[in-house]
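Let me begin by presenting the structure, written as structure tokens, before commenting on it.
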Amino acid sequence: MIYKINEMQDKNMPKRVREFLSYIISIKGKSENTAKAYKYDLKLLFKFLRLYREEIVEETEINDIDIKNIDDDFIKKVDLSELYSFITFVEKYRNNSNYSKARKVATMKSFFKYLNVKIKLINENPALELETPKIGKRNPIYLNFEESKSLLKCIDGTHKERDYCIITLFLNCGLRLSELCGIKISDIKDNKLTVIGKGNKQRVIYLNLACIKSLESYLKVRKEKENKILDKDILFISQKNTKINKRTVERMVKKYIEKAGIEKEKFSPHKLRHTAATLMYKNGADIRGLQKFLGHENISTTQIYTHVDDERMKEIVNINPLSSIE
């Protein structure tokens, strides 16, 4: 909760932004990463608006512009044209992709809706008609079955049992990085794992034999240093016997990907989540079941895994006996 408190108390942000961040965290249950993204976008927006309205006389770097004293009168003057100018600015001078611009549009829509609907600060929402940039369909990056086996086979070293268990859970349970780092031993009951996902939503994942065996091996090793562990209930422990952090897991995954000789650009733990989902879908999992398994709020998020249908179509067309006749 330390991060969340700091976000709400950041005196360098306008008062209304601090209140908005407090609202999305405490009422809407948004994640830490979402709060960080909203804060970054709104900070840049208000710095830009001060520059755009020529309130900054001297030549000043946009990052150095002070926005803590922005008041309600300043916010009430924001209109649709200024928001479009901001999107043009981040495209031209920040080289933002359509994905980044779409996120900023989503941030502005959420913020000004809050001002209009929840606290009635503004009579009209300037972001209501703000259009989202078109985003082309992007297929998830994932490992195929053979690559997944190669990744598991190359795990070794001092923390072999821990690392093998982590990657096994990623590949079999489709966990998010934050979910994995937050697992407690008390979350595991027989063959069931309870995780807390986005928006503090709880879901239960059934553990298969591979997961159970890797957990048993790791817990046996973990028990040998039980007296050194600060938080006895945290499952995955760092070299310093504290809760493992996200960066450690990211570095570990990258190390083994390279060691396995797998050529995947910018591979991350989240790609292992994609791998689990894609392999399950290819092997018969239905889209609704996959949605529940992954903890997706909307089915549209899960539908990115239907890209494997294209692969099936290629296989089917080659089955035709006429396919080899020229």
Open item on the list: Let me spell it out: the conditions are (1) assigned to a helix (DSSP H, G or I); (2) at pLDDT 95 or above; (3) buried (at least 17 other Cβ atoms within 10 Å of the Cβ), and VAL90 meets all of them except one. Which number is the exception?
Closed with: (2)
Open item on the list: Quick check on segment 261-274: of everything there that is surrounded by fewer than 18 Cβ atoms within 10 Å (Cβ to Cβ) and assigned to a loop (DSSP other than H, G, I, E, B), which residue is modelled with the lowest pLDDT?
Closed with: GLU265
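Conditions (1) over 18 Å from the mean Cα position of the chain (by Cα); (2) in the same structural domain as PHE236 (by TED's automatic domain parsing), marked per residue:
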site	(1), (2)
PRO140	no, no
LYS149	yes, yes
HIS159	yes, yes
ASP163	yes, yes
LEU177	no, yes
ILE185	yes, yes
Task: Close pairs (6 angstrom Cβ cut-off, 6 or more residues apart or separate chains): touching a residue at least 60 places away in the same chain (Cβ under 8 Å) in segment 227-240, surrounded by 11 or more Cβ atoms within 10 Å (Cβ to Cβ) and part of a loop (DSSP other than H, G, I, E, B) anywhere - done: PHE236/ILE244; ILE237/ILE229
TODO: Return the residue satisfying two criteria in turn: it lies in segment 131-159 and is over 16 Å from ASN172 (Cα atoms) and acidic (Asp, Glu), and of such residues it is surrounded by the most Cβ atoms within 10 Å (Cβ to Cβ).
DONE: ASP156
Task: Of the criteria (1) touching a Lys or Arg at 6+ places or on another chain (Cβ under 8 Å); (2) among the β-branched types (Val, Ile, Thr); (3) assigned to a helix (DSSP H, G or I), which one VAL117 fails - done: (1)
TODO: Look through LEU80, LEU128 and report the one residue that is of a type in the set (A, V, I, L, M) and exposed (fewer than 12 other Cβ atoms within 10 Å of the Cβ).
DONE: LEU128
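The values are calculated or read from the model by the stated rules, or taken from the named source; none is laboratory data. Since this is a predicted model, take the numbers as computed values, not measurements. Every residue, glycine among them, receives a Cβ derived from its backbone with ideal geometry; neighbour counts consider all protein chains shown.
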